[in-house]
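Heads up: the structure comes next, in structure tokens.
Derivation of every value follows stated rules applied to the coordinates shown; laboratory data play no part. In this text, all values refer to a predicted model and were calculated from it rather than measured experimentally. In this analysis, Cβ positions are derived from the backbone assuming ideal geometry, glycine residues included, and neighbour counts consider all displayed protein chains.
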């Protein structure tokens, strides 16, 4: 099914409120240019993101899910991002094995001062999502 | 030591455990009500210990009952079962002192579905199945036919690296070595990884449109011990209890992520599935992911932290931008 | 018996295609590694060799694991209800086993009691059942102990009996007679064929080795209803999964759920099982939380409540719950070990 | 055996025998073989004799269960055991009280008469209001209690038995002398009711006798005097309305009380009755008409609200307090009166009306209905404790009451939680009287 030209991927971002959310704020304040495909859900920590959220987002029609948290060591809750790292590692590998395009699940470390990096990450992710086609995984549902 | 010697010793040990009051329950296997089947035996009465058996069909992972039984339990455990017991100890679901593990070095168990496929005959039409070392003799209406053992063993037994229980109080018989040089038939992880992404997704979509959500895979698994499973949540209702393929697929994916680092690849989920969905192709893959990424094998060390609660300063972060 | 016919096994393909013009034909077919009654693909009659009994009983064709009851949409004026498209077509199930046919009769009682279930009964109404007697029952079958037999033709329209190279056909109901009259390619059965058929029936009757005594089983169960020790012993190894109830041809419990996506949704009916703890989860309490109560409910529903309410034991001895159970829980052992009335 | 023998000799063999106690004909011994075969219970020699003579034994159980099934009526057959009644029952906030099982037992005629469960229900109607099948759960509870009281197949709680005796004897549950029933009004100018008087004021037994609750009836009388309303009381001739005793299962005591009150009202050609208690209101409005007592019934809150509307009642004094109003079950859920009390409180200057977290239809009962007011409720199981805590959390200064039973329960809770200085318990009539400059 040739998708229409003007198709824009829908990206869901889980941003940890202590670092990545602040980073995204900074990107906005300093007028950084980045595509508006991302919709943000603020989470207390990247460790809060449950694989169920990811697969549910894909089911609802998002083309990609970005989970972004603090750099290892900066976590406000000490170990939240370490746990998120392990969980994301096995979730990403397992969902690839099931048959979900790897580009659909993205993770990144963005600290509160890296407005620029956040913009880069979102641009890069959107570019990758544009290369692969629209999310057809659960297409036969209403 | 031959099977019936191990069996005698097991019965003896179990009876003394009950008599001395070291345990209140004995959990073991007894002959099943159908041909070549065994069934779990849970008893407090020491006379029942005479019904305990050890043969190549003791397939159930008995540690699933440990989270249910209150009090001290003597459990018969093969290699994978004893690792499940350790995994439960790691998760503080049971205390090591409440459990007396009667370890059985496992020579590998015979998969009746493979035998039926091999002879295209049903289980109850077979005369007898006897095993000696690496051959198996199956008699059908009088005629005995002989096969190499690797033709009929479970896939997980063929790939099992740790057949002898690591954690035990009594070891019945000498430690055995893993079966070498074998290719598992039904679990096709390699083939699936080779097929293109689209086909893999459709393969699982096809398989899970058959699932009737009987939850046998979840209820037989010792690693699945939640009081209330996320499937039974209604606020928020993440997935529907109706067996739509989307909900079945998400249920199985999330279940595998939840048991990551707890699953000891005992193969029970695939064996009990009445719709014969190749579930081990999922659980074995998760087992390998966990081993490859974190060099973690479930239930090896009872003091180790469970997989997803521990972390290393630097590990597996190539995919993070 | 008058009017019984013979057909050669090789002509079954022709017979089915003949019937295929008028009916949608369901035959035992392999779906992945499991078997159920599914639409005939038009040529394959290989099932005659491998078929003993399907994993999913014919209940699935009338009362599927999941069916859409209706869809609904909300807009300014309110709700619009769209009934699911009920595919009205005449159906014929070929080679149904007598235990599954008897089970359908029990399901009819359940789905008609008090409220006529439109979904089940509309499918059941225009369906012909062509029975095929068992010549090779499983070791888990015990239909003879429930007043039935591998050749019991009470609930089928036409009864086929395998006598070596051919099938011995007996008409049972009016609809069966009509259909046989319309079909060509059948020859009259001779006395020799009849003798062969009765011999085969006799032989397979004795092949069913598993027995249970259901004489006033409901009174015995009523007497031991409060006997906690007994039920705890019987239910110890059960892992409360849904295999035995979902695959049992006489289990009819279901759950209703809505799937809501923004302004529209669908109401689904799907199987439910009394083996699950949340089956009786209610505000504040759960009357059947403990496992022994749930196993007791499963046994007593079939062997005590149903006979007391409807006069027939809700079990046809198909043995699926025994051979497909993950821990080999055996209902016949449970029934046999019910203590006598003291 | 001898009595039966003598009776049979004189009158011949009776067709049936009505037996009160079960152990007259079933024993604890092991059944003999003949009894085991047909699955019979072990019988006494008395019962065997009756069996041989063909005398049928009528057990009270069968009769009682039929009465209960009848009380439940058709809806009882429709109950599909969803357990919503258990969910909304306030008892489950403090203990486990499985209403669903009681209804199921009523359905299959296996009601447990001896148990304590039959006496717990406070008839607060939270369950009946929510039941999707319209099962009259209160009627079933009442029928069970009636069976125990009249057929003697169970044990009636002592407190209840004493109160019932008092009502039958002295016409009030407290056992006070009937003559003193009018004494609450001795130092207020209240005239005796005559057929020409416009309104007959019927204070419930509690505001009439209880020293602490007398303030309520006195406040009401003062308001009516201040407004120059033509009203009277009959004092010693009045008897208890009997609402609670009927719910406690004493049907005949209720009927005799009701009859004497109806005769009293008709003889004095009473047209409208003003009541302070929602329980009297409920009985006079819903249960007396069938017995021939047809007259208009007005609760004090309804009457005061109508006066305010007509502009006859206005307030001189300010009450600068946060007041929280607790809906009595018999005023709210049973009879749908929610707004009048709130209108009165809102029209009092300076008064800030606040609401309980569960109010109006969802109000939590005070625990006094259905005869529970006389029975003792264990320390940790009093609903009024929960309500007082809720009121304190909301920072209320006064808890406004509209029912004497609630008044008693809330007052006990406030005292037992020793919060008397922080929060007061006042009936609406008291608050209105104060707002009109009453001496209190």
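General remarks:
- Each eigenvalue of the Cα gyration tensor of the protein assembly as shown, multiplied by 5 and square-rooted, gives one semi-axis; in descending order these are 65, 45, 32 Å.
- Residue D:392/residue D:93 FRET efficiency (R0 22 Å; Cβ-Cβ; nearest 0.05): 0.85
- Residues of the range C:118-155 with amide N under 19 Å of the 7 Å Cα→Cβ point at residue C:88: C:118-128
- In chain B, the C-alpha radius of gyration followed by the widest Cα-Cα span (Dmax) gives 20.3, 66 angstrom.
- For the range D:61-151, the spread of Cα positions along each principal axis, largest first, Å: 32, 26, 18
- Estimated D of the range D:156-228 in µm² per second, where Rh is the Kirkwood radius over Cα pairs and Stokes-Einstein applies at 4 °C, 1.567 mPa s: 95
- More than 31 Å apart - percent of Cα-Cα pairs taken over chain C: 39
- Each residue in A:75, D:403 was given a count of other beta-carbon atoms within 10 angstrom of its own, and listing them fewest first yields A:75, D:403.
- For the range C:83-194, the calculated P(r), taken from all Cα-Cα distances in 5 Å bins from zero up to the bin holding the longest distance, is 2, 10, 18, 20, 18, 14, 9, 5, 2, 1, 0 percent.
- P(r) of chain D over all Cα-Cα pairs, binned every 10 Å from zero, in whole percent: 4, 19, 27, 23, 13, 7, 4, 2, 0
- Modelled FRET efficiency - R0 22 Å, residue C:225 with residue B:98, Cβ distances, 0.05 increments: 0.10
- Here, P(r) means the percent of Cα pairs in each 5 Å bin from 0 to the largest distance; for the range D:174-305 it is 2, 11, 22, 26, 22, 13, 4, 1, 0.
- Each listed q (0.10, 0.15, 0.22 Å⁻¹) maps to a log10 I(q)/I(0) for the range B:183-321, found by the Debye formula over equal Cα scatterers with no solvent: -0.37, -0.85, -1.49.
- Ranking of B:63, D:429, D:269 by count of other Cβ atoms within 10 Å, fewest first: D:269, D:429, B:63
- Rel. contact order, % - alpha carbon contacts under 8 angstrom, at least six apart, the range D:174-305: 28
- Calculated FRET efficiency, residue B:161 to residue D:306, Cβ-Cβ distance, R0 = 60 Å: about 0.10 to the nearest 0.05.
- Our Cα-only numbers for the range A:11-131 put the radius of gyration and Dmax at 13.4, 40 Å.
- Extending 7 Å from the Cα toward the beta-carbon at both residue C:215 and residue A:40 defines two label points whose distance is 8.0 nm.
- Convex hull per residue volume in Å³, alpha carbons only, for the range D:313-435: 99
- Placing a label point 7 Å from the Cα of residue D:37 along the Cα-to-Cβ line, the residues of the range C:307-342 whose backbone N sits under 17 Å from it are C:341-342.
- For chain A: relative contact order, % (alpha-carbon pairs under 8 angstrom, 6 or more apart): 36
- Mean ellipticity per residue at 222 nm, deg cm²/dmol - from DSSP H runs of n ≥ 4 across chain B, formula -39500 (n - 2.57): -9000 deg cm²/dmol
- For chain D, adding -39500 (n - 2.57) for each run of n ≥ 4 DSSP H residues and dividing by the number of residues yields -12500 deg cm²/dmol at 222 nm.
- Sorted by Cβ density within 10 Å, fewest first, the residues D:213, D:337: D:337, D:213
- A crude spin-label estimate for the pair residue D:108 and residue B:2, with each label 7 Å from Cα along the Cβ direction, gives 5.4 nm.
- Residue of C:276, C:70, C:23 that the Gaussian network model of chain C assigns the largest fluctuation, springs spanning Cα pairs under 10 Å: C:70
- Cα centroid of the range D:153-210 to Cα centroid of the range C:1-80, whole Å: 77
- Point-to-point label distance, residue C:75-residue C:121, nm (Cα→Cβ direction, 7 Å offset): 3.4
- The range D:381-420 residues near the modelled residue D:320 label - backbone nitrogen below 20 Å, point 7 Å along Cα→Cβ: D:395-399
- Alpha-carbon centroid distance for the pair the range D:366-390 / the range A:1-72, whole angstrom: 53
- Once the chain from residue B:235 to residue B:143 is taken as fully extended at 0.36 nm per residue, the excess over their C-alpha distance is 27.1 nm.
- Within the listed set C:32, C:131, C:46, the Gaussian network model of chain C (springs between alpha-carbon atoms below 10 Å) gives the highest mean-square fluctuation for C:32.
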